[in-house]
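The values are calculated or read from the model by the stated rules, or taken from the named source; none is laboratory data. Since we're looking at a predicted model, the values are computed, not measured. No Cβ is skipped: glycine too gets one built from the backbone with ideal geometry, and neighbour counts run over all protein chains shown.
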Amino acid sequence: MEDEKTNTIELSDSDLEGNLDQALKEASQEKEEPGDDALKASVEEFRDKYLRALAEMENMKKRQQRQYHDVLKYGKEAVLKDFLLVYDAIEKSIQSAAGLYPDDDHFISGLRMTEKLLLETLKKHGVEPIQTANKAFDPNYHDALMQVKRDDIEPGMVVEEIEKGFLLNDRVLRPAKVTVAG
């Protein structure tokens, strides 16, 4: 049994629109008969529906393109949040080692190198730390855990960073947990 061959004709949107315009011109050039007005109205209606469908299709393509780029840009967000827990553990290890073993420079510098490597790896994937030093409190980037009275710091300024915050491609991955001057 032979495979049936099907011939398909591919037309672009401009070809279809051109064919539609040509049909309208031909319809207007022909001798008018009593049913021509209804035919012209029907053709106009179908042309309008076609153009609306074409516009909707273009909008859908653009919307899907944006969603695709967002998935590429932010799709790894959950995994990167998990790596921030590893960063927190390394940062706490450095603080503990500095307190418990202040003379063990090799151990502390090894931990700092590991922290630096993790930050560089995160940076390759679009993750940057949120800067809090000498910054005004911004609820979009900071999560205020406490407010303290400090005469030496202007009210509304970040006093201390309790937990580092991070951005993923300019979107907050995790807000910085801070203390704010009141």
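Name every residue in segment 55-85 that is surrounded by 13 or more Cβ atoms within 10 Å (Cβ to Cβ) and either part of a helix (DSSP H, G or I) or free of Cβ contacts under 8 Å to residues at least 40 places away in the same chain (or both), in order of residue number. Of everything in segment 55-85, those that are surrounded by 13 or more Cβ atoms within 10 Å (Cβ to Cβ) and either part of a helix (DSSP H, G or I) or free of Cβ contacts under 8 Å to residues at least 40 places away in the same chain (or both) turn out to be LYS73, TYR74, GLU77, LEU80, LYS81, PHE83, LEU84. Of all residues in segment 86-99, those that are surrounded by 14 or more Cβ atoms within 10 Å (Cβ to Cβ) and of a type in the set (Asp, Glu) total 1. When ASN134 is tested against (1) out of contact with any Gly (no Cβ under 9 Å at 6 or more places or on another chain); (2) surrounded by 14 or more Cβ atoms within 10 Å (Cβ to Cβ); (3) modelled with pLDDT under 95, exactly one condition is not met: (2). So for segment 107-126 (the condition being in contact with a His (Cβ under 9 Å, 6 or more places away or on another chain) and either crowded, with 16+ Cβ neighbours inside 10 Å or not in a loop (DSSP other than H, G, I, E, B) (or both)), does at least one residue qualify? No, segment 107-126 contains no residue that is in contact with a His (Cβ under 9 Å, 6 or more places away or on another chain) and either crowded, with 16+ Cβ neighbours inside 10 Å or not in a loop (DSSP other than H, G, I, E, B) (or both). For beta carbons closer than 7 Å, sequence separation of 6+ or different chains, a first residue in segment 124-150 that is farther than 23 Å from LYS81 by Cβ and a second that is of a type in the set (S, T, N, Q) and in a strand (DSSP E or B), the qualifying pairs are MET146/THR179; VAL148/THR179. Taking (1) over 22 Å from PHE166 (Cα atoms); (2) surrounded by 10 or more Cβ atoms within 10 Å (Cβ to Cβ) in turn, PRO102 satisfies each apart from (2).
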